[in-house]
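Here the structure is laid out as structure tokens; the discussion comes afterwards.
The values are calculated or read from the model by the stated rules, or taken from the named source; none is laboratory data. This structure is a prediction, so every number in the text was calculated from the model and none was measured. Cβ atoms come from the backbone with ideal geometry, glycine included; neighbour counts cover every protein chain shown. Side chains are part of the model used for accessible areas, which takes the heavy atoms of the whole protein and leaves out ligands, DNA and RNA. Shrake-Rupley method; radii C 1.70, N 1.55, O 1.52, S 1.80 Å.
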Amino acid sequence: MAIISNCTSSVIKDAALALKEGHLVAFPTETVYGLGADATNEIAVARIYEVKGRPTDHPLIVHVSSMELLDKWACEIPEYAIKLARAFWPGPMTLILPRTGLAKDFITGGQNNVGIRVPAHTVALTLLKEFEAQGGLGVVAPSANKFGKVSPTTSTAVELELGRHLSNTDKILDGGASTIGVESTIIDCSNVQPLILRPGSVLIEMIEGVLGVKLNLGLVATKVTKAPGLLANHYAPNAQVFLTGAPTPGDGYIALSDLPTPAGAIRLASPKDNIEYAQILYESLRFGDVKGLKRIFVVPPNNQGIGLAINDRLVKAASN
Ligand code: TXA
Ligand code: MG
């Protein structure tokens, strides 16, 4: 499966056509790379589950080019969800809303809600616009990794994760490294008040700012099983991840740059702040696997800003 690195408009148009014809297209977003399929094509969507090794009751996010298409997929949309969409789309935010008849069980895992996102990445947006120009209504795109594993933030990582399962009519589009590095903030908008199911770079305080309400911590779901990404043992590399204790010689080590490397440990990354930490986290874990490390010790950042999302992913990566 070749990576297409020069994503000209004609390359993207061909990729949109491939999606329309039922093939899979992996594409870059600002959060992580997604593995896309036509959200209305049951056979194409079934291939996503097969390629990822993902259980079919785990719902997928529909990606569209603008909030104009929201009504096609979702109904009974609360006013606060519209405000969030206006404020943060295109961007790293997924809204969970009551579904219309278009959102079939084969994308929602049988749930009555559907997840929707407008990504902020030129290649992704151009692909979605082309797909819609050809009559498409939405592209489902989970992170382009094996189920439970580390999300890819580069096209090379997609190839490494899934390349052997893709056919030569599928495509991997390259759009550089994802600038955010962790998945979108997921907000359940199916109730009177928003519930954050997965933290991301649209922060709680940003949501509170737009809605003019204070979200108490009870509104940040920590243990719900509604979004399987919240289950333990996700985002995990092959190496075992430790968030406490000290590495012994030959173990991997990830920490902010102001922390020195313990003697004999293999430094995998030294981000200067939480934003850079999010950008390099998944690539660093993957690097540990490429080096064949058995154990990676990670010093988690504080919970400031995107630090909350990093800690959320690290706890799951370490719980195997
Ligand atoms: O940043 C992202 O959101 C990336 C990029 C590619 O857009 N996508 C992504 O998709 O992270 P995925 O499938 O790897 O994770 C989506 C999460 C899963 O935990 C899933 O359970 C949850 O979203 N989800 C999707 N639809 C849902 C629904 N109807 N109700 C509750 N959770 C849902
Ligand atoms: Mg995922």
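Working only within the stretch 256-272, note down all residues that are of a type in the set (A, V, I, L, M, F, W, C) and out of contact with any Phe, Trp or Tyr (no Cβ under 6 Å at 6 or more places or on another chain). Explain how you work it out, then say what you get.
Just the residues of the stretch 256-272 that are of a type in the set (A, V, I, L, M, F, W, C), to begin with: 256, 259, 263, 265-266, 268-269.
The answer is LEU256, LEU259, ALA263, ILE266, ALA269.
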Fill in: Among the candidates ASP258, ASP251, residue that is over 24 Å from THR156 (Cα atoms) and buried (at least 21 other Cβ atoms within 10 Å of the Cβ)
ASP251
Practice prompt. Those residues that are more than 21 Å from PRO260 (Cβ to Cβ) and touching a strand residue (DSSP E or B) at 6+ places or on another chain (Cβ under 8 Å), I need them from the stretch 284-318; list them, please.
Written response: LYS294, ALA309, ASP312, LYS316, ALA317, ALA318
Discussion item. Looking only at the stretch 35-62, how many residues end up being open to solvent by 10 Å² or more (accessible area, probe 1.4 Å) and within 11 Å of ligand 1 (Cβ to nearest atom)?
Written reply: 7
Discussion item. Condition first: more than 16 Å from ligand 2 (Cβ to nearest atom), out of contact with any strand residue (DSSP E or B) (no Cβ under 6 Å at 6 or more places or on another chain), free of Cβ contacts under 8 Å to residues at least 60 places away in the same chain and over 23 Å from SER201 (Cβ atoms). Now tell me which residues in the stretch 49-101 satisfy that.
Written reply: GLU68, ASP71, GLU79, THR100, GLY101
Item to complete: Name every residue in the stretch 136-176 that is part of a helix (DSSP H, G or I), over 16 Å from the mean Cα position of the chain (by Cα) and charged (D, E, K, R), in order of residue number.
Response: GLU159, ARG164
Practice prompt. Answer yes or no: is there a residue in the stretch 74-81 that is at pLDDT 95 or above, in contact with a helix residue (DSSP H, G or I) (Cβ under 6 Å, 6 or more places away or on another chain) and open to solvent by 40 Å² or more (accessible area, probe 1.4 Å).
Written response: no
